[in-house]
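Input: a single structure, listed below in structure tokens.
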Ligand SMILES: *[C@@H]1O[C@H](CO)[C@@H](O)[C@H](O)[C@H]1NC(C)=O
């Protein structure tokens with residue numbers, strides 16, 4: 001009874017979760033007067049201290065409360081944002097327990113980069129941001145993605161260098177001092193205001209008003225164009241595992257596990273993330289786990305060398321801060337869960353690699369998603385068509401020999417599509433070009449249906465494809 005209730009609760013929770021997949025990215029540093037990390041003596045000045053701001057530095061400083069100071073040296077260009085009731089008083093002598101009569105300098109925040117993943121934290125909701133329920137993600141996605149909501153803490157000031165390799169950094173919205181900007185023109189106006197110019201500097205412009213991610217299965221973050229700049233700021237730690245892994249979008253190799261998930265239409269990334277959280281991450285044995293989940297586009301290669309196209313898949317990066325043994329256990333649990341519940345979750349297959357060296361074969365049952373098969377089938381169909389034409393034209397006399405026996409060989413082809421060597425490109429096969437141009441080859445049978453529907457029959461009169469019903473499992477890869 002109790003467990004049933006729990007399950008219903010969880011179902012309810014899953015239903016309440018919207019389909020939006022945007023995340024909130026919050027800028028961590030501030031230039032607040034009260035934040036002791038902003039002062040070179042490690043404490044905010046007070047009493048008979050002298051507060052000094054570097055003359056040539058532009059700075060916007062939020063002041064939350066009142067302060068007494070002996071003296072304040074101001075910069076040429078700067079501003080104080082005074083909270084209501086805050087202000088400065090000149091001290092008339094020693095204040096007990098406050099100040100040492102020293103000159104304290106406000107630290108330089110000039111070099112803090114928008115593209116530095118260490119300076120952002122991610123959460124699913126604003127509430128989670130406030131509660132400190134942060135999500136882990138790969139470096140590229142720790143920096144705001146194009147469909148994210150960017151948050152600068154309400155009662156704080158900041159200065160951020162928004163230089164990037166592009167002329168603009170698109171995001172869905174930006175919230176500054178509690179005001180949410182989601183219209184492009186309004187935010188542009190703000191950027192050219194005195195406050196805006198003190199808070200944002202650098203060669204690019206942040207543009208808001210980008211649509212959110214409308215695809216429940218997730219969207220491409222879009223930060224790979226800035227991969228180099230993002231990784232410039234990241235220092236990788238030394239690793240102690242046998243076979244370090246390099247997740248897509250991450251700057252460093254890691255010890256842990258990567259689960260790759262193949263999905264069908266109807267897959268919901270946010271619901272799945274919450275399912276994993278509620279079923280697995282709450283377990284005490286997994287409390288050291290960091291898990292990041294996102295849609296990535298893996299390059300597909302023809303025969304393992306020729307770049308072919310990219311295919312979307314869900315990458316689950318699992319780290320445990322150690323050698324990866326706990327990560328591997330969780331990866332195994334996830335694949336097991338998909339094996340039994342994949343159909344309901346619209347997951348068609350999953351596999352994992354771990355830094356201990358083990359990996360799994362694809363599981364999940366639906367052979368349809370093995371994109372590697374597609375190319376083989378295309379070639380085969382071309383052959384069949386040619387033979388069919390020849391037969392029809394009477395060039396070749398065709399007895400009742402069916403071509404079907406050649407199909408089982410696809411099975412062995414498929415098995416070769418398991419995950420490749422770490423470090424090397426991962427080769428799962430190929431993206432199916434027909435999904436880009438559905439009208440070109442509308443009659444490829446059964447690729448995405450069940451095995452038994454796969455039928456191509458060859459008769460004396462020609463080739464007939466029995467076209468399985470194209471249901472919603474016909475994933476739209478353009479998502
Ligand atoms: C003070 O600034 C540091 C670094 O910029 C930041 O991590 C910390 O959260 C800030 N403290 C408060 C109370 O906001």
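Before moving on, here are some points about what is shown:
- Residue match in the stretch 81-102 (condition: under 37 Å from the mean Cα position of the chain (by Cα), within 16 Å of the ligand (Cβ to nearest atom) and over 30 Å from residue 220 (Cβ atoms)): yes
- Identity of the residue in the stretch 21-30, near the ligand (Cβ under 10 Å from one of its atoms) and in a loop (DSSP other than H, G, I, E, B), that ends up nearest to residue 221 (Cα to Cα): 28
- Flag for residue 174 being within 16 Å of the ligand (Cβ to nearest atom), within 19 Å of the chain's Cα centre (by Cα) and crowded, with 16+ Cβ neighbours inside 10 Å: no
- Residue in the stretch 127-135 that is within 16 Å of the ligand (Cβ to nearest atom), part of a strand (DSSP E or B) and not assigned by TED's automatic domain parsing to the domain that holds residue 250 present: no
To keep it simple, each residue is scored yes or no on (1) farther than 27 Å from residue 151 by Cβ; (2) touching a strand residue (DSSP E or B) at 6+ places or on another chain (Cβ under 6 Å); (3) within 16 Å of the ligand (Cβ to nearest atom).
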{"residue": "32", "(1), (2), (3)": "no, yes, yes"}
{"residue": "37", "(1), (2), (3)": "no, no, yes"}
{"residue": "44", "(1), (2), (3)": "no, no, yes"}
{"residue": "52", "(1), (2), (3)": "yes, yes, no"}
{"residue": "55", "(1), (2), (3)": "yes, no, no"}
{"residue": "63", "(1), (2), (3)": "no, yes, yes"}
{"residue": "69", "(1), (2), (3)": "yes, yes, no"}
{"residue": "73", "(1), (2), (3)": "yes, yes, no"}
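- Beta carbons closer than 8 Å, at least 6 apart along the sequence or on distinct chains, never pair a first residue in the stretch 35-55 that is within 14 Å of residue 89 (Cβ to Cβ) and part of a loop (DSSP other than H, G, I, E, B) with a second that is away from the ligand (no atom under 11 Å from the Cβ) and at pLDDT 95 or above.
The values are calculated or read from the model by the stated rules, or taken from the named source; none is laboratory data. What you see is a predicted model, and the numbers here were worked out from it, not measured in a lab. Methodologically, a virtual Cβ is constructed for each residue, glycine included, from the backbone with ideal geometry; neighbour enumeration extends over all protein chains shown.
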